[in-house]
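Note sheet for the following structure.
The values are calculated or read from the model by the stated rules, or taken from the named source; none is laboratory data. Please read these numbers as outputs of a predicted model, since none were measured by experiment. Glycine also receives a Cβ, built like all others from the backbone with ideal geometry; neighbour counts cover every protein chain displayed.
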Amino acid sequence: MSRLRLGVNIDHVATIRNARGGFHPDPIRAAEIASEAGADGITAHLREDRRHIMDDDIGRLIGGIALPLNLEMAATEEMLEIALRHRPHAACIVPERREEVTTEGGLDAAGQHNHLKPLITKLGDAGIRVSLFIEPSPRQIEAAMSLGAPVVEFHTGRYAHAEGDERATELRRIADAAALAAKNGIEPHAGHGLTFDNVTAIAAIPQIAELNIGHFLIGEAIFDGLAPVVRRMRQLMDEAR
Ligand code: PXP
């Protein structure tokens, strides 16, 4: 089985910074530490309301870190323009509602085909690897295929919040979806709500190539420091393969 990549989402370092304005703690410093501790990529979500990552952070991340940047973005003209200007390694299209606390569900790639198609084409033409953040369902994977997206990221929030039989069902849904995506030439990734306690089963799904993890890592870093926490997540992921 190939090595599973870890994308560290540094949004919530910016959340703490923005609580006081100013420059501390700096998400770019977090990205550097994550890189040294075994991250394979950095993920950042430039939200419409700029509640954590700000425009300036994107340029600093692209110019200042050695790792590839995965820019999470809503499917809007404003975000398209920013992505085309900065040309991150990857762009993950996410649904976004201003009132939500986090990205609460997957993108309706099936229902928004006509809106998404030109955006995906423009990003792809610019050499940006497009990923769609979707629920692990055959309908959404088929939509990703017809949209020509090379990557899908499965929203693991339901799995992360479920317990017992329900969790086993959600895990099966993700495993089946990963197999279906891979069979059709789409690289599956996964993320949302992953922790030390629930990552192993997701990391063991052989087709999944990358996990993007943020909130838990940054929260846990308050107690143990970012480098040890990233190293521990890396170790759990490697042990699961
Ligand atoms: N992947 C995507 C597409 C996301 O939107 C998020 C949340 O910003 C994550 C992964 C990471 O989720 P979490 O912060 O719960 O680890």
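Please work out which one of (1) among the acidic types (Asp, Glu); (2) without any contact (Cβ under 8 Å) to a residue 60 or more places away in the chain; (3) away from the ligand (no atom under 11 Å from the Cβ) is the condition GLU36 fails and give its number.
GLU36 satisfies every listed condition except (2).
Condition check ((1) within 15 Å of ILE128 (Cβ to Cβ); (2) of a type outside the set (A, V, I, L, M, F, W, C); (3) surrounded by 16 or more Cβ atoms within 10 Å (Cβ to Cβ); (4) in contact with a Phe, Trp or Tyr (Cβ under 7 Å, 6 or more places away or on another chain)) across all residues:
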| residue | (1), (2), (3), (4) |
| --- | --- |
| ALA19 | no, no, no, no |
| HIS24 | no, yes, no, no |
| GLY38 | no, yes, yes, no |
| HIS52 | no, yes, yes, no |
| ALA66 | no, no, no, no |
| MET79 | yes, no, yes, no |
| ILE82 | yes, no, yes, no |
| ALA110 | no, no, yes, no |
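Residue-by-condition table, conditions (1) of a type in the set (Asp, Glu); (2) under 23 Å from HIS215 (Cα atoms); (3) under 18 Å from the mean Cα position of the chain (by Cα):
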| position | (1), (2), (3) |
| --- | --- |
| LEU46 | no, yes, yes |
| PRO68 | no, yes, yes |
| ILE93 | no, yes, yes |
| LEU107 | no, yes, yes |
| HIS115 | no, no, no |
| LYS122 | no, no, no |
| ALA126 | no, no, no |
| ALA144 | no, no, yes |
| LEU147 | no, no, no |
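Looking for something over 23 Å from THR15 (Cβ atoms) and not aliphatic (A, V, I, L, M) - is there at least one such residue anywhere in the stretch 57-76?
Looking through the stretch 57-76, none of the residues is over 23 Å from THR15 (Cβ atoms) and not aliphatic (A, V, I, L, M).
Could you list, in sequence order, the residues of the stretch 53-75 that are closer than 26 Å to HIS115 by Cα and not in a strand (DSSP E or B)?
Within the stretch 53-75, ILE53, MET54, ASP55, ILE58, ALA74, ALA75 meet the criteria.
Yes or no: the stretch 18-25 includes at least one residue that is under 20 Å from GLY191 (Cβ atoms), within 16 Å of the ligand (Cβ to nearest atom) and out of contact with any Pro (no Cβ under 6 Å at 6 or more places or on another chain).
Within the stretch 18-25, the first condition is being under 20 Å from GLY191 (Cβ atoms), and the residues that meet it are none.
No, the conditions are met nowhere in the stretch 18-25.
If you take just the helices (runs of 4 or more DSSP H) that sit entirely in the stretch 89-196, which of them hold at least 3 residues that are under 23 Å from ARG50 (Cβ atoms) and touching a residue at least 24 places away in the same chain (Cβ under 8 Å)?
Ranges flagged: 113-125.
Considering only the stretch 183-195, how many residues are touching a strand residue (DSSP E or B) at 6+ places or on another chain (Cβ under 9 Å) and surrounded by fewer than 17 Cβ atoms within 10 Å (Cβ to Cβ)?
1
Pull up the stretch 123-141, narrow it to residues that are of a type in the set (D, E, K, R) and surrounded by 15 or more Cβ atoms within 10 Å (Cβ to Cβ), then point me to the one that is farthest from LYS183 (Cα to Cα). I'd like the intermediate steps shown before the answer.
Applying the first criterion (of a type in the set (D, E, K, R)) to the stretch 123-141 yields 125, 129, 135, 139.
Those still in the list that are surrounded by 15 or more Cβ atoms within 10 Å (Cβ to Cβ) too: 129, 135.
Numbers: ARG129: 19, GLU135: 17 Å.
It comes out as ARG129.
Spot the failing condition for ASN198; the list is (1) crowded, with 22+ Cβ neighbours inside 10 Å; (2) within 16 Å of the ligand (Cβ to nearest atom), and only one is missed.
(1)
From the list GLU78, GLU96, GLU72, which one is among the acidic types (Asp, Glu) and at pLDDT below 95?
GLU96
Check whether at least one residue in the stretch 143-151 is away from the ligand (no atom under 16 Å from the Cβ), touching a Lys or Arg at 6+ places or on another chain (Cβ under 7 Å) and at pLDDT 95 or above, and report yes or no.
Looking through the stretch 143-151, at least one residue is away from the ligand (no atom under 16 Å from the Cβ), touching a Lys or Arg at 6+ places or on another chain (Cβ under 7 Å) and at pLDDT 95 or above.
Restricting the stretch 1-16 to residues that are within 16 Å of the ligand (Cβ to nearest atom) and among the charged types (D, E, K, R), which is surrounded by the fewest Cβ atoms within 10 Å (Cβ to Cβ)? I'd like the intermediate steps shown before the answer.
Let us first name the residues in the stretch 1-16 that are within 16 Å of the ligand (Cβ to nearest atom), namely 4-16.
From what is left, the residues that are among the charged types (D, E, K, R) are 5, 11.
Values: ARG5: 17, ASP11: 22.
Only one residue tops the list, namely ARG5.
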